[in-house]
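Undergrad: The structure is given below, and queries will be raised subsequently.
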Amino acid sequence: MAIVSSGDSSPSASSSRDPSRMMDAALLQEDQSISIEDGLRPSSLEDYIGQSELKQVLDIAVKASLGRGDSLDHVLLYGPPGLGKTTMALVLANELGVRCRITSAPSLERPRDIIGLLVNMKPREMLFIDEIHRLSKVAEELLYPAMEDRRIDINVGKGTTARTRVLKLAPFTLVGATTKAGSLSSPLRDRFGLIQRLNFYCLNELQQIVERAAGLMNLSLTDNACKEISLRCRGTPRIANRLLRRVRDVATVKGKAALIDEILVDEALSLHGVDNRGLDANDRRVMQLILESYNGGPVGLDAIAAALGDDPNTLETVVEPFLLQLGFLQRTNRGRVITNAGRNHLGWGDSQ
Ligand code: ADE
């Protein structure tokens, strides 16, 4: 996907009907660490599968803001990784016919990083900040008046000559994304007009997503093959698309790309250690540790992370949500516990 550094941001200029062009025009990626170029993202609310409540709320908000000719209210999207927060921001920008600048909080360490971005925003443009819970205090304090009053206050000079310069900003929309809504300070959270959670996708939605992606990748899959990928992707479109690529690799190498069936999917996903419920080697490592070293729990997250040499934050935001969702793990106030369903999945039998 092209990265554009300038362009006409008026709705009429970027609302061409070609979806791939619309996305190009809507996009300015400031932060190269965020992958945006997978070619499989939907470009309109209509094409976006699942998250029906979120879509309804945002559809109304978009139409209302277009009707008023004003910027969309600031939006906070939260939920586990891979569920489509960045995609939704790009869809919103596309629906509004404006450009979306993409960055992430760790790249906004110095005041000038965020000031530079804000003062260059054109009317109604969108700024997407990923991992917004990781904003530095200075960046956060610069954002308060920017979000509320469309201004930033810059302190210039020192000692007796110190004064505050006020810069007016164009009306813009901040879309913040986080996997840890609870870590956001309340002053920041309170400045978002729309606060929306993204949930894991159901099987039916995932099947539609896999079918759509297979079509875009020119692959033919049987219904059962589609279902098998959907059952094993942890309720997450990003993982579904990744698994589909791995299946494509195996199909290509084995000369079976003409029609991919569930046997080939099973072969490809087993090769990558993804089991029939979507657990990978890392999930099983966490569960085995709790079972073998802590008798199934309870055990604290930090103890698990230390024993595995992992980062507690990654465990909490990436590994744990899906194990909780499957009912294989429980969070109690004494720590994490493997449930009987989890024990049985790993062949341990019920706890006594
Ligand atoms: N690709 C990834 N996420 C998607 C979604 N929610 N709808 C359609 N295609 C997608």
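Undergrad: Of the conditions (1) in a loop (DSSP other than H, G, I, E, B); (2) within 25 Å of the chain's Cα centre (by Cα), Ile209 satisfies every one except a single condition; which number is it?
TA: (1)
Undergrad: In the list Val265, Val286, Val318, Val250, which residue meets the criterion of being surrounded by 13 or more Cβ atoms within 10 Å (Cβ to Cβ), in a helix (DSSP H, G or I), among the hydrophobic types (A, V, I, L, M, F, W, C) and modelled with pLDDT under 95? It would help to see each step written out before you state the result.
TA: On the way: Val265 fails: modelled with pLDDT under 95; Val286 fails: modelled with pLDDT under 95; Val250 fails: modelled with pLDDT under 95.
Within the list Val265, Val286, Val318, Val250, the selection yields Val318.
Undergrad: Right, here's the next one. What single numbered condition from (1) under 23 Å from Tyr48 (Cα atoms); (2) open to solvent by 40 Å² or more (accessible area, probe 1.4 Å); (3) touching a strand residue (DSSP E or B) at 6+ places or on another chain (Cβ under 9 Å) fails to hold for Leu203?
TA: For Leu203, the failing item is (3).
Undergrad: Which residue out of Ala341, Ala303, Ala307 is assigned to a helix (DSSP H, G or I), touching a residue at least 12 places away in the same chain (Cβ under 8 Å), in contact with a Gly (Cβ under 6 Å, 6 or more places away or on another chain) and open to solvent by 30 Å² or more (accessible area, probe 1.4 Å)? Spell out the reasoning first.
TA: Details: Ala303 fails: in contact with a Gly (Cβ under 6 Å, 6 or more places away or on another chain); Ala307 fails: in contact with a Gly (Cβ under 6 Å, 6 or more places away or on another chain).
Criteria check complete, one pass: Ala341.
Undergrad: Of the numbered conditions (1) touching a residue at least 40 places away in the same chain (Cβ under 8 Å); (2) open to solvent by 10 Å² or more (accessible area, probe 1.4 Å); (3) within 16 Å of the ligand (Cβ to nearest atom), Glu211 fails exactly one; give the number of that condition.
TA: Of (1) touching a residue at least 40 places away in the same chain (Cβ under 8 Å); (2) open to solvent by 10 Å² or more (accessible area, probe 1.4 Å); (3) within 16 Å of the ligand (Cβ to nearest atom), only one is false for Glu211: (1).
Undergrad: Still on this model: Could you identify the single residue in Pro123, Pro106, Pro81, Pro111 that is within 16 Å of the ligand (Cβ to nearest atom) and either under 20 Å from Ser185 (Cβ atoms) or surrounded by fewer than 23 Cβ atoms within 10 Å (Cβ to Cβ) (or both)?
TA: Working: Pro123 fails: within 16 Å of the ligand (Cβ to nearest atom); Pro106 fails: within 16 Å of the ligand (Cβ to nearest atom); Pro111 fails: within 16 Å of the ligand (Cβ to nearest atom).
Exactly one of Pro123, Pro106, Pro81, Pro111 is within 16 Å of the ligand (Cβ to nearest atom) and either under 20 Å from Ser185 (Cβ atoms) or surrounded by fewer than 23 Cβ atoms within 10 Å (Cβ to Cβ) (or both), namely Pro81.
Undergrad: For region 135-195, please list each of the strands (runs of 3 or more DSSP E) lying entirely inside it that holds at least 3 residues being in contact with a Ser or Thr (Cβ under 8 Å, 6 or more places away or on another chain) and free of Cβ contacts under 8 Å to residues at least 60 places away in the same chain.
TA: Fully inside region 135-195 and qualifying: 151-156.
Undergrad: Are there any pairs, at least 6 apart or on different chains, whose C-beta atoms fall under 9 Å, with the first in region 223-248 and at positive phi and the second assigned to a loop (DSSP other than H, G, I, E, B) and basic (Lys, Arg), and if so, which?
TA: Within 9 Å, the pairs are Arg234/Arg277.
Undergrad: Select from region 155-192 the residues that are in contact with a helix residue (DSSP H, G or I) (Cβ under 8 Å, 6 or more places away or on another chain), under 26 Å from Val98 (Cβ atoms) and open to solvent by 40 Å² or more (accessible area, probe 1.4 Å) and list them in ascending order.
TA: Within region 155-192, Leu167, Thr179, Arg189, Arg191 qualify.
Undergrad: Looking at region 268-283, which of the residues that are of a type in the set (A, V, I, L, M) and not in a helix (DSSP H, G or I) is nearest to Leu315 (Cα to Cα)?
TA: Here the answer is Leu279.
Undergrad: Residues that are under 11 Å from Leu269 (Cα atoms) and buried (at least 23 other Cβ atoms within 10 Å of the Cβ): does region 218-228 have at least one?
TA: We begin by selecting, within region 218-228, every residue under 11 Å from Leu269 (Cα atoms); these are 228.
Add one more test, that the residue is buried (at least 23 other Cβ atoms within 10 Å of the Cβ), and what stays is 228.
Yes, that holds for at least one residue.
Undergrad: With Arg238, Arg189, Arg197 as the choices, which residue is under 15 Å from Leu77 (Cβ atoms), within 12 Å of the ligand (Cβ to nearest atom) and among the basic types (Lys, Arg)? Spell out the reasoning first.
TA: Working: Arg189 fails: within 12 Å of the ligand (Cβ to nearest atom); Arg197 fails: within 12 Å of the ligand (Cβ to nearest atom).
Result: Arg238 is the single residue among Arg238, Arg189, Arg197 that is under 15 Å from Leu77 (Cβ atoms), within 12 Å of the ligand (Cβ to nearest atom) and among the basic types (Lys, Arg).
The values are calculated or read from the model by the stated rules, or taken from the named source; none is laboratory data. Just so we're clear, the structure is a prediction, and the values are computed from it rather than from any experiment. Cβ sites come from the backbone with ideal geometry, for glycine too, and all protein chains shown count toward neighbours. Just the protein is used for accessible areas: all its heavy atoms, side chains included, with ligands, DNA and RNA removed. Shrake-Rupley method; radii C 1.70, N 1.55, O 1.52, S 1.80 Å.
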